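Asker: Once you've had a glance at the structure underneath, I'll fire off some questions.
The values are calculated or read from the model by the stated rules, or taken from the named source; none is laboratory data. The structure displayed is predicted, hence computed values, not measured ones. Here the Cβ positions follow ideal geometry from the backbone for every residue, glycine too, while neighbour counts run over all protein chains shown. Calculation scope for accessible area: heavy atoms of the full protein, side chains included, ligands and nucleic acids excluded. Shrake-Rupley method; radii C 1.70, N 1.55, O 1.52, S 1.80 Å.
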Amino acid sequence: MKSLIELEQGGADGQYSLTVEPRLCVGTPNHLFLYGGAGLASAIAAMERASARPLLWASAQYLSYARPPATLLFDVQSLKVGRNSSQCRVAVSSQGADVIHAHGTFGSQDPAIPPHQWAAMPDAPAPATCEPMSFAWNRRQDDLYGQFDLRVAKGRYGSARADVSLSDDGHTQIWARSMAPVRTDATLLAVLADFIPSAVASSVGQSAVASSLDNSLRVAALVPSEWILCDIKTSAVSGGYGQAHAALFAEDGTLLATSSQTVIVRPGQARPAAQGDG
């Protein structure tokens, strides 16, 4: 089964490329841009490939936009290679401009330590009982959202963001499944975790948009799951910046990953208006 994002080998070790396609983008039909989560996902894919080890943790800073059909270039550096883990960084550029800087840790530890999960999957209505997400803007069917079946289980998202009342608890839950068979891997989780900015924007009590300044993903376990629950909690918004975190669960309750972001929150219409906005 393929990964959501497949890179092309570049001219040297640690160098890769990716064409920015509409399926990796959001925005209005004639003004698409690379989705922030897809940017982090592609950076993770490059570092996983260069290190030949799976992701433990990665963090990215967003520096500029990339629009289709731009080509992204990835230059991975291995900072430290140990017996069980590798530390890497990657510079992602397009036409000479920096788009993303990311770094992360990759590897695995002693399997003799038995796994255990303390985080419990929160209560959420089953995906089949949730209405498919509708959107407040005209969008292309081949953009990133068109790649997923999305159901809002709690909170406001999509067209429901027209409700601008202040959220009681800053809590949003979204079920997501890929429309095409893809692996449940770090690239998929990075994309789904980036629903955070719009969840923040929908909680603040006025019409607003949000964009990511940074994005961190920590992988707990990877198990196949048709549906993935994105449990997003906005902690605070102050001075035009928001902080939020998300936990991603498989249908069987396995914690797949956690994510956190700092986002810029601005007054505006409920539409995808910046790199990380969902």
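Asker: Under 7 Å between Cβ atoms, which residue pairs at least 6 apart in sequence (or on different chains) link something in the range 1-21 that is over 16 Å from residue 51 (Cβ atoms) with a partner that is of a type in the set (Asp, Glu)?
Answerer: 17/8; 18/8
Asker: Would you be able to say whether some residue in the range 127-141 is under 27 Å from residue 181 (Cα atoms) and of a type in the set (Asp, Glu)?
Answerer: Yes, the range 127-141 has at least one match.
Asker: Can you find a residue that is open to solvent by less than 20 Å² (accessible area, probe 1.4 Å), within 19 Å of residue 178 (Cα to Cα), assigned to a loop (DSSP other than H, G, I, E, B) and modelled with pLDDT of 95 or more anywhere in the range 255-275?
Answerer: No, that holds for no residue.
Asker: Follow-up. Can we say residue 87 is at pLDDT 95 or above and farther than 22 Å from residue 184 by Cβ?
Answerer: Yes; evaluated as a whole, the condition is true for this residue.
Asker: Any idea which of 38, 45 is in a helix (DSSP H, G or I), open to solvent by 10 Å² or more (accessible area, probe 1.4 Å) and of a type in the set (Gly, Ala, Ser)?
Answerer: 45
Asker: Checking residue 184 against (1) in contact with a Lys or Arg (Cβ under 9 Å, 6 or more places away or on another chain); (2) of a type in the set (Ser, Thr, Tyr); (3) over 29 Å from residue 64 (Cβ atoms), only one condition comes out false. Which one?
Answerer: Among (1) in contact with a Lys or Arg (Cβ under 9 Å, 6 or more places away or on another chain); (2) of a type in the set (Ser, Thr, Tyr); (3) over 29 Å from residue 64 (Cβ atoms), residue 184 violates only (1).
Asker: Being free of Cβ contacts under 8 Å to residues at least 12 places away in the same chain and either among the hydrophobic types (A, V, I, L, M, F, W, C) or open to solvent by less than 60 Å² (accessible area, probe 1.4 Å) (or both) is the filter here, so list the residues in the range 127-145 that pass it.
Answerer: The one that is free of Cβ contacts under 8 Å to residues at least 12 places away in the same chain and either among the hydrophobic types (A, V, I, L, M, F, W, C) or open to solvent by less than 60 Å² (accessible area, probe 1.4 Å) (or both): 128.
Asker: With 120, 50 as the choices, which residue is in contact (Cβ under 8 Å) with a residue 12 or more places away in the chain and either under 27 Å from residue 172 (Cα atoms) or open to solvent by 50 Å² or more (accessible area, probe 1.4 Å) (or both)?
Answerer: Residue meeting the stated conditions: 120.
Asker: State which residue pairs qualify: first residue on the phi > 0 side of the Ramachandran plot and of a type in the set (Gly, Ala, Ser) and inside the range 238-255, second residue in a strand (DSSP E or B) and open to solvent by 90 Å² or more (accessible area, probe 1.4 Å) in any location, beta carbons under 8 Å apart, and separation of 6 or more residues or different chains.
Answerer: So the pair list comes out as 240/266.
Asker: Moving on. Tell me, please, whether a residue that is touching a residue at least 12 places away in the same chain (Cβ under 8 Å), closer than 23 Å to residue 102 by Cα and open to solvent by less than 30 Å² (accessible area, probe 1.4 Å) can be found in the range 157-169.
Answerer: no
Asker: Could you run through the range 178-211 and say how many residues are of a type in the set (Gly, Ala, Ser), assigned to a strand (DSSP E or B) and modelled with pLDDT under 95?
Answerer: Residues that pass the stated criteria total 3.
Asker: Output the number of residues of the range 53-71 satisfying the condition of being out of contact with any Gly (no Cβ under 8 Å at 6 or more places or on another chain), under 16 Å from residue 18 (Cβ atoms) and not in a loop (DSSP other than H, G, I, E, B).
Answerer: 1
Asker: Can you find even one residue in the range 151-171 that is within 29 Å of residue 46 (Cβ to Cβ) and either out of contact with any Ser or Thr (no Cβ under 7 Å at 6 or more places or on another chain) or of a type in the set (A, V, I, L, M, F, W, C) (or both)?
Answerer: For the range 151-171, residues within 29 Å of residue 46 (Cβ to Cβ) and either out of contact with any Ser or Thr (no Cβ under 7 Å at 6 or more places or on another chain) or of a type in the set (A, V, I, L, M, F, W, C) (or both): absent.
Asker: Of all residues being open to solvent by 20 Å² or more (accessible area, probe 1.4 Å) and not polar (S, T, N, Q) in the range 191-208, which is farthest from residue 102 (Cα to Cα)? Just the residue, please.
Answerer: 205
Asker: Being of a type in the set (A, V, I, L, M), closer than 23 Å to residue 226 by Cα, within 20 Å of the chain's Cα centre (by Cα) and surrounded by fewer than 22 Cβ atoms within 10 Å (Cβ to Cβ) narrows it down to one residue among 56, 63, 24, 4; which is it?
Answerer: 56
Asker: Which residues, counting only those in the range 139-165, are of a type in the set (A, V, I, L, M), outside any helix (DSSP H, G or I) and out of contact with any strand residue (DSSP E or B) (no Cβ under 7 Å at 6 or more places or on another chain)?
Answerer: 164
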